[in-house]
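What follows is a short report on a single structure.
FYI, it's all coordinate maths here, none of it is from the lab. Predicted model only: the values in this text are computed from it and were never measured. Every residue, glycine among them, receives a Cβ derived from its backbone with ideal geometry; neighbour counts consider all protein chains shown.
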Amino acid sequence: MEKFADEALIEVSSGHGGNGCIAFRREKFVPKGGPSGGDGGRGGDLVFEVRRNLRTLSHLRYRQSFRAENGRDGEGSQRFGRDGEDAVVPVPPGTMLRDADTGELVRDFGKDEGRFVFLKGGNGGWGNTRFKSAVNQAPRKALPGKPGLIRRLRVELRVLADIGLVGLPNAGKSSLLERFTNARPKIAPYPFTTKIPNLGVLTLGSGGGDERDIVLADIPGLIEGASGGAGLGLRFLKHISRTSGLLFLIDLGDDAYSNAFDIVYNELEAFSPDLVGKKRILIGTKTDLEGSAERLGELREKYPEEQVLGISVFSGDGIGALARAIGALVNSIDSEEEARGREAGDPGGKF
């Protein structure tokens, strides 16, 4: 199986602050110099950094502990200790951080990019120079550095995509993804070829600068009982929770085609009612097969309120119409989000 990792358990800690120093000037002709102890350096921070080139959490499987550097102790001659280096944990977009013990959500990066300082390093302690006063010319007091912080985290990944492809095994999801995008998922004429989520980018537009990139996600096929743990789909259902819309693919060459949508719909609803509330398109695949036209017509009669399209990846039939339908679907979702944003007082529309 491909080395795909979407969960990891890690321990992270910020650095301790360096200790302050007790020291006095000892120079020629200055036998009783004043205090000269420097402050300790600040401990390094523990930082999470979103990096678009990452797609999985496999790098956290091999390194499960991240520790920032401690600050250095202060020294005489009022030399301050060096600050500790930050520890940076790289994560892909869509990462969620949860407390390993309580399950509390710490941070949901969503589409955020950049750096997030999770644990601040401890402050360095004061050297005895700080305590000099008119009544105490030779203080023998310094402060220790503040300790760093330690946390155990469960790191989860939910892939980011505009549209999710769902269906029973061997419905043609991977073939459609390959046809639309530069993705190269594993394709074979038997069920459960797809064992990990695959992403691809569908570019729509005339090429005159008005192109629109739409990210598609293909997850392993679902079977009846998937929401209860059957098959491969349950583990990956969370990856379509962030999608804006869904494409339900139905194999017109399968004798169980008439019930395929109901099976997948019920499993999604059992896993999360929010999934079946997303905008969707029903797609009958393999229209190049004999009898597929009649079966596609039966689907349209059975689901008159749904948008039902037919395609053949092999012959290219219906591919252009489906691409336009996907563009219209994404545009309608964007318009609704912008409207909700204006109602909430967000002029940008995205929130």
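Quick notes on this one:
- Within the range 47-129, trypsin sites (Lys or Arg not before Pro) in DSSP loop having at most 10 other beta-carbon neighbours inside 10 Å: Arg52, Arg63, Lys111
- Counting neighbouring beta carbons within 10 Å and listing from fewest to most, the residues Thr285, Thr129 come out as Thr129, Thr285.
- Estimated inter-spin distance, Thr203 and Asp99, nm [label 7 Å along Cα→Cβ]: 4.6
- Put a dot 7 Å past the Cα of Asn53, heading toward its Cβ, do the same for Arg154, and the two dots end up 3.1 nm apart.
- Potential extension, Glu290-Arg26 segment - 0.36 nm per residue separation minus Cα distance: 85.2 nm
- Peptide packing for 249-257, 10-18 was compared via the average number of neighbouring C-beta atoms within 10 Å per residue; ordered from the highest value, the list is 10-18, 249-257.
- Reachable aspartates and glutamates from Lys120, criterion Cα separation under 16 angstrom, eight or more residues apart if same chain: Glu11, Asp45, Glu49, Glu69, Asp83, Glu85, Asp86
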